[in-house]
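A quick write-up on the structure given underneath.
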Amino acid sequence: MLDVVLGLLIVAALPLAILTIPNTLSVVARLLPGDIDQVALLRTHGLALPALMLTVPLAGAALRRFKAVHLILAGLVLIAASDAAAGYAGSEFLVGVVRVLRGVGAGIVLPATLAAVWDRVPALRALWVGVFSLSLLVAQALALWPLDGVSDWKVTLQPYPMVTGVALGLAAAYLVVGMVFGRAVEAGPQVGERPRLLLAVLPAGGIAVVAISTATEGWRAVPVFLLAGLAVVGLLALASFGAPESRTPAYVMVAVGVVLLPSAAQVTLVEMGGLGGPGLRGLWVPYGVAGVLAVGASVLVRRYAPAAGRWLAPLGLLSMVAGLCSVRLLVPSADGLVLVVPFVLLAVGAAVALTSALQEVEIGAAVFGLSLCVAGVLAGFLLGTGVQMAMLDGVRSAQELVDGFVGALHWWALIGGFVVVGTIVLAAVLARRSGEEACGARADDGRPEAVSACDGGTLDLADEDRTTGAIPRVVVPVPPSGAFGQARSLPEEEGTADQGGTVPAVPPQAHSPEDDAPS
């Protein structure tokens with residue numbers, strides 16, 4: 001019962017949390033009242049993502065003291081409060097408060113739901129990864145869907161109030177079921193992992209400052225692009241901290257965050273009906289196919305390949321690279337079914353990479369990677385913004401505007417592909433170096449040490465036992481009184497006695513064929 005309710009909660013709450021990220025206020029700009037500064041309102045509407053980025057690592061550290069179900073309830077209550085307050089937001093300040101409130105609630109829900117499924121049945125963690133990947137893919141489309149034919153701009157602040165209520169009810173039901181049938185075992189970060197989680201607040205805050213400054217100061221394309229690239233490099237550098245086994249999920253999370261949602265958002269905007277595409281109605285079938293396959297691939301990896309993360313994670317990232325290549329070849333397209341190819345490659349690749357990377361790590365490392373992932377989303381948006389600013393500079397006609405958007409998408413797909421490939425190479429190089437350092441470790445106490453899987457399967461034994469595959473002989477010195485403090489006498493014709501007329505209880509070691517083997 002707990003697993004069923006938790007699975008339904010994941011399906012409802014995860015997309016609701018990711019839906020907080022897109023800034024869709026410009027779509028309803030014609031509905032804004034004339035006494036409101038539209039540019040300032042657009043900036044305050046974008047505060048939700050920085051608030052989400054700063055909350056995720058803090059909520060992950062709070063999992064040490066609070067139950068995951070309590071944090072899920074708290075996050076959903078904040079989202080519901082933002083929905084309720086959205087109807088009264090008539091100024092820039094109130095819009096900023098509503099969006100920050102929603103971002104904080106979403107930032108609590110993401111790590112709390114991950115902790116809730118961590119020690120449950122394997123299918124639940126796979127479901128979380130699959131729904132998370134799908135949510136990143138369709139977040140822009142889900143944010144735009146309620147805005148079709150609306151008459152009030154405040155719909156952007158409360159796009160799905162009914163879904164919020166359903167998610168809140170499921171969270172309450174999960175709490176009650178846990179109290180009735182036995183509280184679920186919930187994972188939390190170890191004490192030593194909390195400093196690294198709190199360290200993730202620094203890059204999130206830095207990227208948020210860059211994003212707000214970009215929107216406020218009116219920077220040019222080159223500074224925006226360079227600062228966004230520096231932010232991606234900083235995230236990858238921070239992902240290199242910690243134990244070697246925790247680096248792979250951090251690298252994968254950074255790559256998925258930088259590429260998936262920013263790419264899908266640009267593809268969705270280019271495929272809008274006004275630009276010659278099929279519109280949102282023509283995109284739901286490709287989105288649905290990609291979602292089903294992403295969840296299925298995550299379940300298959302979780303159940304049947306629990307120890308294949310070393311090669312499945314880069315394979316999933318390479319699938320995302322192939323999806324970005326198909327974006328350059330197939331987008332824009334008037335036929336929405338063609339978009340099944342890039343959407344499936346992106347969503348399934350992200351699901352496979354994330355599932356395999358999270359197989360053998362603790363919850364603290366997973367939440368740390370999630371913190372870098374959401375920070376990578378904003379870094380990816382900044383990269384895409386820099387490319388768009390460069391491509392749209394000096395346009396004078398509607399056709400040039402459309403061509404500029406399409407050209408920016410193609411350039412972004414190329415840049416995103418190089419980011420993912422660079423992440424794969426970086427992870428492989430550091431993993432190899434860590435393996436060499438581990439194999440080079442030797443005990444310094446003078447005793448022979450055996451280290452396997454470091455020299456092509458050979459064993460490093462003592463100097464006298466260098467034969468590959470040989471079982472080393474262990475010679476234990478036994479006192480004259482015997483192994484258990486007793487001695488026995490033997491006739492002289494049965495053996496050689498010592499000076500006391502006794503021999504050890506353990507007989508002397510016989511001749512071994514290995515004595516003749518060359519050392």
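The values are calculated or read from the model by the stated rules, or taken from the named source; none is laboratory data. Quantities reported herein were computed from a predicted structural model and do not represent experimental measurements. Methodologically, a virtual Cβ is constructed for each residue, glycine included, from the backbone with ideal geometry; neighbour enumeration extends over all protein chains shown. Heads up: the accessible areas ignore ligands, DNA and RNA and are worked out on the full protein's heavy atoms, side chains in. Shrake-Rupley method; radii C 1.70, N 1.55, O 1.52, S 1.80 Å.
What the table shows:
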| read-out | value |
| --- | --- |
| Residues (open to solvent by 10 Å² or more (accessible area, probe 1.4 Å) and touching a helix residue (DSSP H, G or I) at 6+ places or on another chain (Cβ under 6 Å)) located in region 134-144 | 134, 138, 140 |
| Residue list for region 379-437, filter: of a type in the set (D, E, K, R) and under 24 Å from residue 349 (Cα atoms) | 432 |
| Contacts under 7 angstrom Cβ, first residue in region 266-288 being over 23 Å from residue 385 (Cβ atoms) and open to solvent by 60 Å² or more (accessible area, probe 1.4 Å), partner in a helix (DSSP H, G or I) and at pLDDT 85 or above, 6 or more apart | 285/337 |
| Positions within region 368-405 being more than 17 Å from residue 140 (Cα to Cα), out of contact with any Gly (no Cβ under 6 Å at 6 or more places or on another chain) and of a type in the set (Val, Ile, Thr), in sequence order | 387, 402 |
| Any hit, region 81-96, residues being without any contact (Cβ under 8 Å) to a residue 60 or more places away in the chain and either in contact with an Asp or Glu (Cβ under 7 Å, 6 or more places away or on another chain) or under 24 Å from residue 272 (Cα atoms) (or both) | yes |
| Any pair with Cβ under 9 angstrom, 6 or more apart, that starts in region 1-25 at a residue that is open to solvent by 20 Å² or more (accessible area, probe 1.4 Å) and ends at one that is among the basic types (Lys, Arg) and in a helix (DSSP H, G or I) | 23/99 |
| Selection count, region 256-274, where residues are in a helix (DSSP H, G or I) and either touching a Leu at 6+ places or on another chain (Cβ under 6 Å) or closer than 14 Å to residue 138 by Cβ (or both) | 11 |
| Residue satisfying condition, being under 22 Å from residue 422 (Cβ atoms), free of Cβ contacts under 8 Å to residues at least 60 places away in the same chain and open to solvent by 10 Å² or more (accessible area, probe 1.4 Å), within set 315, 293, 337 | 315 |
| Yes/no for residue 228 being touching a helix residue (DSSP H, G or I) at 6+ places or on another chain (Cβ under 7 Å), modelled with pLDDT under 90, surrounded by fewer than 20 Cβ atoms within 10 Å (Cβ to Cβ) and of a type in the set (Gly, Ala, Ser) | no |
| Lone unmet requirement of (1) part of a helix (DSSP H, G or I); (2) under 21 Å from residue 283 (Cβ atoms); (3) open to solvent by 40 Å² or more (accessible area, probe 1.4 Å) for residue 332 | (1) |
| Matching helices (runs of 4 or more DSSP H) fully within region 338-442 where at least 2 residues are under 23 Å from the mean Cα position of the chain (by Cα) and more than 30 Å from residue 108 (Cα to Cα) | 340-357, 398-439 |
| Residue match in region 216-223 (condition: open to solvent by 20 Å² or more (accessible area, probe 1.4 Å), at positive phi and outside any helix (DSSP H, G or I)) | yes |
| Residue count, region 352-378 (criterion: over 21 Å from residue 193 (Cα atoms) and in contact with a Phe, Trp or Tyr (Cβ under 8 Å, 6 or more places away or on another chain)) | 0 |
| Of all residues making up region 296-312, the number that are surrounded by fewer than 15 Cβ atoms within 10 Å (Cβ to Cβ), small (Gly, Ala, Ser) and modelled with pLDDT of 90 or more | 1 |
| Matching residues, region 367-405, being over 19 Å from residue 230 (Cβ atoms) and surrounded by 17 or more Cβ atoms within 10 Å (Cβ to Cβ) | 367, 368, 369, 370, 391, 404, 405 |
